[in-house]
Amino acid sequence: MARIETPNRIRGTQDIFGEEQRRFARVLETFDHVRKLYCFQRVDIPVFEATGVFARSMGETSDVVSKEMYTFEDKGGDLITLRPEFTAGICRAYITEGWQQYAPIKLVTSGPVFRYERPQKGRFRQFHQLDAEILGAADPAADVELLVLADQLLRELGIEDVTLQLNTLGDAETRDAWRSALVAHFEAHKDQLSEDSLVRLEKNPMRILDSKDPKDRPIADSAPDIDAYLTEEAAAFFKAVTDGLDAAGVQWTRNSRLVRGLDYYRHTAFEFVTDKLGAQGTVLAGGRYDGLVGNLGGPETPGVGWAAGVERLAMMIAEPAAENPDVIIAVEDDRALGHSQRAIRLLRDNGFSADMIATGSPRKRYDKAAKVNAKVLVSFRLQDDEVVTNIRSATPTDEYVRVSQLLESLA
């Protein structure tokens, strides 16, 4: 008989279990707790969209669109893409579902996203993100609230040694003037740029500023700063953001080379970075994208948001304790099984987490149950054809008293 070949897990994916799952769950639970404190609504959107949603939102020349998207033609002949991020899908839903009537609207979501890139520490082809967005709020207070939310999330997760890097991209007038100055600067050093940066010079010159190619760094570092081109309005917006962060006690540092290259990005850009994850130091990042909804065909709508990788956050938190039941039941006699099943149902109906050991040698079940780190141990056996219940607890806790009272009602 031919041997059946066992299928392997697809490269760049993961099976999350045990300690990893506990860390993963802690991140999601903390995110849900903090979003409630800030009165953000939870939203869930499709895991795939029409390819144009991402191509128009992220830019045809971006690495994600040109190299990393999982795109395919479905059976109806439509071009479909697995989401590489959340913002574009949320903006599409804002337009198609009529959410403009709720503006300003504060939303969060989380779930898997997909990018075809080289798998490495903390980076997968199917990974998971947290996402927070405010749509319909043009004032700097929205930027501040999102940044304070992010700061509290990191603090509640116990993540330290993270720095908030902040920059302004100005308004449209600022960006136009700065972009012209950058193009002139890079054109003057065209013969020294990398091939990737030469492409960016034609399509997206601001992206040269954050090039990782050592060949580009001296040219990028000597490029003009945006501050020389800020309009009064843009400077006032950025000051309102930094003043708000100072008032809220959020530490930040200026990084004038932090950019978002697409034209609809405005004003605030930010990253929370660490040196604890090697080369992949960004744990949370975002910015203001006032032109994105309009770029997708909707009404001109201000927006600001951020995303964070669940895997990277999970790598930085303390290991959560394993879950243990409130009650563990040892069935020492198979004839007491029915009574035990009624007991465990009663305990669970009354809010106790409970598990039962009812297989294997009856003589060894009590010893196995005693090794479970439960608050209360209950054993059932038969004596003179009567079910005998024994309840044990390290200390006479409230749980012990309540379990005893519940089980007495079964007698």
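We did not get these values from a lab; they are worked out from the coordinates using the rules stated. Being a predicted model, the structure only gives us computed values, none of them experimental. Glycine also receives a Cβ, built like all others from the backbone with ideal geometry; neighbour counts cover every protein chain displayed.
Would you pick out the residues in segment 236-256 that are without any contact (Cβ under 8 Å) to a residue 24 or more places away in the chain and assigned to a helix (DSSP H, G or I)?
Selection gives ALA236, LYS239, ASP243, ASP246, ALA247.
Might you check whether a residue that is over 24 Å from LEU146 (Cα atoms), of a type outside the set (S, T, N, Q) and more than 16 Å from the chain's Cα centre (by Cα) occurs anywhere in segment 27-47? Checking segment 27-47: not a single residue is over 24 Å from LEU146 (Cα atoms), of a type outside the set (S, T, N, Q) and more than 16 Å from the chain's Cα centre (by Cα). For segment 48-55, indicate whether the set of residues that are among the acidic types (Asp, Glu), on the phi < 0 side of the Ramachandran plot, touching a residue at least 24 places away in the same chain (Cβ under 8 Å) and in a helix (DSSP H, G or I) is non-empty. No, every residue in segment 48-55 fails to be among the acidic types (Asp, Glu), on the phi < 0 side of the Ramachandran plot, touching a residue at least 24 places away in the same chain (Cβ under 8 Å) and in a helix (DSSP H, G or I).
The listed residues are ARG92, ARG83, ARG123, and the only one of them that is in contact (Cβ under 8 Å) with a residue 24 or more places away in the chain, of a type in the set (Lys, Arg) and touching a Leu at 6+ places or on another chain (Cβ under 8 Å) turns out to be ARG92. Consider segment 301-318 and keep the residues that are out of contact with any Lys or Arg (no Cβ under 9 Å at 6 or more places or on another chain) and part of a strand (DSSP E or B). The one that is surrounded by the fewest Cβ atoms within 10 Å (Cβ to Cβ) is ALA307.
Here THR174, THR168 are screened, and the one residue that is out of contact with any Ser or Thr (no Cβ under 6 Å at 6 or more places or on another chain), under 21 Å from PHE270 (Cα atoms) and surrounded by 20 or more Cβ atoms within 10 Å (Cβ to Cβ) is THR168. Assess whether GLY286 counts as being over 14 Å from ALA308 (Cα atoms) and not in a loop (DSSP other than H, G, I, E, B). Considered against the rule, which asks whether it is over 14 Å from ALA308 (Cα atoms) and not in a loop (DSSP other than H, G, I, E, B), GLY286 comes out as no.
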